[in-house]
Amino acid sequence: MAEWIKVPNGESMTEATMIAASALGKRLIVYKTADGYFATDRRCTHQAADLLRGYFDANVIECPVHQGRFNICTGAPLSAPASAPLKTYPVKLEAGEVFVEV
């Protein structure tokens, strides 16, 4: 069953930033963009590289190892070698705090 988890320090995020979060054994990244907040798994689907070390711009995260790119809103792979989608998670704001559904 899904559960909403508070993101520590999520309320202090500024636009165009990402932070690591852990919830129920999952390692996530929470992003803040001009379009809102988004959350994905932290590992690239190609070879499990840590996306927190990747390049993040607008709604795209790029893997630091092989430069596979993903849309953080949908998880869709945007460039090779990434071919499997990145898992995404719903995010909501409540009373100024950020929550991710895991």
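Take the residues in the range 1-58 that are without any contact (Cβ under 8 Å) to a residue 12 or more places away in the chain, in contact with a strand residue (DSSP E or B) (Cβ under 7 Å, 6 or more places away or on another chain) and closer than 23 Å to residue 82 by Cα, then tell me which one is surrounded by the fewest Cβ atoms within 10 Å (Cβ to Cβ). Per the criteria, the residue is 55. State whether the residues of the range 44-52 include one that is in a strand (DSSP E or B) and under 27 Å from residue 1 (Cα atoms). Scanning the range 44-52 turns up at least one residue that is in a strand (DSSP E or B) and under 27 Å from residue 1 (Cα atoms). Of everything in the range 59-85 that is outside any loop (DSSP other than H, G, I, E, B) and of a type in the set (Val, Ile, Thr), the residue that is surrounded by the fewest Cβ atoms within 10 Å (Cβ to Cβ) is 60.
Read-outs: derived from the displayed coordinates by stated rules, not from any lab. Predicted model, so just to flag it, every value in this text is computed and none were measured. Reconstructed Cβ throughout: ideal geometry from the backbone, glycine too, with neighbour counts over all protein chains shown.
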